[in-house]
Amino acid sequence: MLFSGSKNVVGLDIGSSSLKLVELSESRRGVRLENLALVPLPPEAIVDGMVQDAQVVTDAIKELVASQKLKGRLVATSVSGHSVIIKKITLPAMSQKELEESIQWEAEQYIPFDIHDVSLDFQILGPSHTPDQMDVVLVAAKKEMVDEYVAVLSRGGLKPAVMDVAVFAIENMYEANYSVDEQEVVALINVGASFTNINVLKGRESVFTRDLAAGGNRVTAELQKELSLPFQEAEAVKCGKGAGVDPAQAEPVIRMAASVLATEAQRCLDFFSITSSDERVQRIYLSGGCVRLPSFQAAIEEKTGCPVETLNPFSRISVDEKQFDLDYVGEMAPLAAVGVGLALRRFGER
């Protein structure tokens with residue numbers, strides 16, 4: 001939902017390879033980009049979505065905040081990975097207040113963690129197809145992960161206001177920037193360094209989500225192994241900036257690793273099709289660093305048979321060319337999908 005609360009927030013996407021910050025403002029003329037920045041993180045600072053080196057992440061946040069003239073310090077961030085569970089469940093029809101009082105008991109049946117070790121949230125979707133029942137999205141994240149994120153944000157000079165889930169942040173960005181066909185089934189696939197977030201939508205309803213424990217780092221790891229390169233050099237080669245490495249040697253390795261990633265995404269979409277009757281994905285939108293690998297987009301298109309398009313999170317957001325280098329914004333666009341979705345949130349919004 002676009003700016004539906006009281007106070008706007010800064011969107012900060014905390015990824016395993018970098019921090020991406022987005023700040024937006026709203027006026028009668030629409031939504032405008034105010035700040036956009038990225039700070040890289042060293043390997044092992046964040047692993048599997050968990051903060052491993054809090055001081056390094058805190059220092060990176062401080063660096064990011066110091067480099068931008070932020071209009072506010074309230075921040076929205078997101079979590080993803082194995083420590084996050086998303087379930088669509090059907091419950092007896094009840095009020096929001098009644099569900100708030102009973103959600104912990106209801107959740108115990110669906111969450112594979114100790115219920116005392118997780119932070120819970122939910123959203124009532126509406127009446128179910130079954131009489132006197134309602135559909136609810138239940139989200140649970142390990143408290144350890146949430147507490148670590150809150151701690152590094154606070155120490156970095158920001159005020160945590162919204163904790164979202166990456167797949168829903170991308171959905172928020174998509175709905176703000178694209179015309180939604182209520183009958184079309186689309187897949188939003190965001191390929192980060194460590195995780196691939198998949199959200200299948202029918203119209204404006206999320207009907208399937210999945211976080212895959214694979215991302216762009218797999219391509220980097222293959223380059224390291226096959227070409228005997230250190231991590232940073234392999235990362236540069238993957239991004240087309242490696243010096244001293246023959247592109248003819250690197251390209252087959254990148255193509256093979258991208259194909260494996262695409263196959264894993266395809267299997268998820270196949271599982272969705274098998275488990276959802278007649279529904280099939282009709283179009284795929286990609287975001288994340290791997291979008292910049294032509295072989296990845298080609299592999300997704302080939303394996304799924306669906307038209308594939310790169311998401312533009314600034315499609316309907318005004319960007320002042322006097323304030324921003326448009327080439328930089330274009331380069332950042334594939335990486336900014338989650339950050340834009342977070343920046344569109346508001347403090348106090350469910």
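The values are calculated or read from the model by the stated rules, or taken from the named source; none is laboratory data. Everything numeric in this text was worked out from a predicted model, so none of it was measured. Cβ: placed from backbone, ideal geometry, glycine included. Neighbour counts: every protein chain shown. These accessible areas exclude ligands, DNA and RNA; they are computed on the full protein's heavy atoms, side chains included. Shrake-Rupley method; radii C 1.70, N 1.55, O 1.52, S 1.80 Å.
Remarks
- Of residues in the stretch 202-216 being crowded, with 18+ Cβ neighbours inside 10 Å and in a strand (DSSP E or B), the one farthest from the chain's Cα centre (by Cα): K202
- Of the criteria (1) touching a residue at least 24 places away in the same chain (Cβ under 8 Å); (2) farther than 14 Å from D13 by Cβ, which one V57 fails: (2)
- In this structure, V56 does not satisfy being open to solvent by less than 80 Å² (accessible area, probe 1.4 Å), at negative phi and part of a strand (DSSP E or B).
- For the stretch 271-292, the candidate set comprises residues that are part of a helix (DSSP H, G or I) and open to solvent by less than 70 Å² (accessible area, probe 1.4 Å); within that set, the residue that is nearest to E309 (Cα to Cα) is V291.
- Flag if L41 is over 20 Å from the mean Cα position of the chain (by Cα) and not acidic (D, E): no
- Any hit, the stretch 316-332, residues being in contact with a Ser or Thr (Cβ under 9 Å, 6 or more places away or on another chain), open to solvent by less than 50 Å² (accessible area, probe 1.4 Å) and part of a helix (DSSP H, G or I): no
- Matching option when the condition is of a type in the set (D, E) and either modelled with pLDDT of 90 or more or open to solvent by less than 60 Å² (accessible area, probe 1.4 Å) (or both), among E44, E23: E23
- Any hit, the stretch 293-309, residues being in a strand (DSSP E or B), open to solvent by less than 80 Å² (accessible area, probe 1.4 Å) and within 13 Å of V191 (Cα to Cα): no
- The listed residues are S78, S179, S154, S119, and the only one of them that is at pLDDT 90 or above and in a loop (DSSP other than H, G, I, E, B) turns out to be S179.
- Identity of the residue in the stretch 217-232, of a type outside the set (A, V, I, L, M, F, W, C) and open to solvent by less than 70 Å² (accessible area, probe 1.4 Å), that ends up farthest from S295 (Cα to Cα): Q224
- Pairing each residue of the stretch 273-297 that is within 21 Å of M256 (Cβ to Cβ) with any residue that is of a type in the set (S, T, Y) and open to solvent by 20 Å² or more (accessible area, probe 1.4 Å), provided the two are 6+ apart or on different chains, yields C-beta distances under 6 Å for L286/T310; V291/T310.
- Filtered residues of the stretch 170-201 (kept if among the aromatic types (F, W, Y) and surrounded by 18 or more Cβ atoms within 10 Å (Cβ to Cβ)): Y174, F195
- Applying the condition of being in contact (Cβ under 8 Å) with a residue 60 or more places away in the chain and over 12 Å from V139 (Cα atoms) to the stretch 79-119 and asking which residue is least open to solvent (accessible area, probe 1.4 Å) yields G81.
- Taking the criterion of being over 21 Å from F168 (Cβ atoms) and part of a loop (DSSP other than H, G, I, E, B), the residues of the stretch 86-116 that qualify are A93, M94, S95, E108, Q109, D114.
- Some residue of the stretch 62-74 being touching a Leu at 6+ places or on another chain (Cβ under 7 Å), more than 20 Å from S119 (Cβ to Cβ) and assigned to a helix (DSSP H, G or I): yes
- Residues of the stretch 235-270 classified as open to solvent by less than 20 Å² (accessible area, probe 1.4 Å) and at pLDDT below 90, total: 2
- From A60, A54, A151, residue being within 30 Å of Q323 (Cβ to Cβ) and within 25 Å of the chain's Cα centre (by Cα): A60
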